[in-house]
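Contents: one structure, followed by commentary.
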Amino acid sequence: SSDLLMNIANQYNESFFPQELASGVITGSNINVAANSSAKSVSFNTKQTLTLTPAFTNKDHSMMMMGRFELTSGNSNAQSTSGYGLPSTGGVITSPAAGGIITGLSSDYGQWRSMYYTFSTHYAYKERYIADFTIRADGTTKFGPSHRWGYFPSVSLKWIISDEPWMQKLKPTLSMLAIRPSWGRVGNQPSDNYLYTSTYAAAGVYIDRSSMAPQRLRLSDLKWQLVTSYNVGVDLGFFDGRLNLTLEGY
């Protein structure tokens, strides 16, 4: 199967506060106040999935395999301008950049990209010995080139003991007895992009000169946060499934 999704967002805001509406003490900062802002973003997502179910002559065996690839890519930009003292009468000139006193300028640009590959296999023998294996590889621009990819495997097993021939005498009472051990690893990533780069921002005025200061120091050695988990589960069923109990240890 194949899925494709595109998300486009555009936003533009324009405001103008003429001097005729100013109340209270009229000062220069509340005469013909204007503000404009715009923001645009485009994101693209595609997901490709391939599923294979082999056919065995020996019906004691069953298997299903799945591979998947997903890519997410996008960018955004925004800008804003505000000012006052526009040379306007009757709201003809409303742009904050049209001869007024600029009180604020800002711009922003962002870009992100992530992708992952995953492969999983489900195998069962005589429908009572079951094994599942999954390996996933994630890459994201939130990390630097040296630590961009993370690999997360998982394995789970299941033995349905109640289906064994030597357990059939207990079937009327013990209808289900299964053991499910599993092991897996997952990864966590930060919420911000490009943390491996330094950023700077305006820091005020010094002797009539604008200045800049570090806003964020680069985290060049930032890595995936790995979390490993273990689990052992027991499924119990009594009286043809009328009473069920599940125990989990993790």
For this session: Mind checking the per residue accessible area of the chain for me, 1.4 Å probe, whole number of Å²?
Result: 67 Å²
For this session: Compute the label zone of TYR250 within region 184-210: residues whose backbone N is under 13 Å from the point 7 Å along Cα-to-Cβ.
Result: 184-186
Exercise. Could you sort GLU14, GLU127 by accessible area so the largest value comes first, with the probe set to 1.4 Å?
Worked result: GLU127, GLU14
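Hey, any idea what % of the chain's accessible area is carbon plus sulfur with a 1.4 Å probe?
On the way: 9660 of 16630 Å².
About 58 percent, which is the carbon plus sulfur part of the accessible surface.
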Problem set entry | Loop chymotrypsin sites (Phe, Trp or Tyr not before Pro), region 1-83, which have at most 13 other Cβ atoms in a 10 Å radius of their Cβ (DSSP) | PHE56
Exercise. What does the accessible area of VAL33 come to, in Å² to the nearest 10, when a probe of 1.4 Å is used?
Worked result: 50 Å²
For this session: Would you kindly find the accessible area of MET212, with a 1.4 Å probe and non-protein molecules such as ligands, DNA and RNA excluded, rounding to the nearest 10 Å²?
Result: 140 Å²
Problem set entry | Lysine pairs within region 113-250, Cα separation less than 22 Å, 8 or more sequence positions apart or different chains | 6
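What does the charge dipole of the chain about its Cα centre add up to, to the nearest 20 debye, if the Cβ of each Lys and Arg holds +1 and the Cβ of each Asp and Glu holds -1? Let's see the in-between values first.
Values: 20 positive and 17 negative charges, 141 e Å.
Value, rounded to 20: 680 debye.
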Problem set entry | Charge dipole (the chain, unit charges on Cβ, about Cα centre) - positive-most of GLY67, VAL33, GLY110 | GLY67
Exercise. Considering region 1-77, what Rg and Dmax in Å follow from its alpha-carbon atoms?
Worked result: 28.6, 91
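Kirkwood hydrodynamic radius for region 27-177: how many Å is it when counted over pairs of different Cα atoms?
Details: mean 1/r = 0.0456 Å⁻¹.
This gives a value of 21.9 Å.
The values are calculated or read from the model by the stated rules, or taken from the named source; none is laboratory data. Everything numeric in this text was worked out from a predicted model, so none of it was measured. Here Cβ is always computed from backbone atoms with ideal geometry, including for glycine, and neighbour counts include all displayed protein chains. The accessibility values were calculated without ligands, DNA or RNA, using every heavy atom of the protein model including side chains. Shrake-Rupley method; radii C 1.70, N 1.55, O 1.52, S 1.80 Å.
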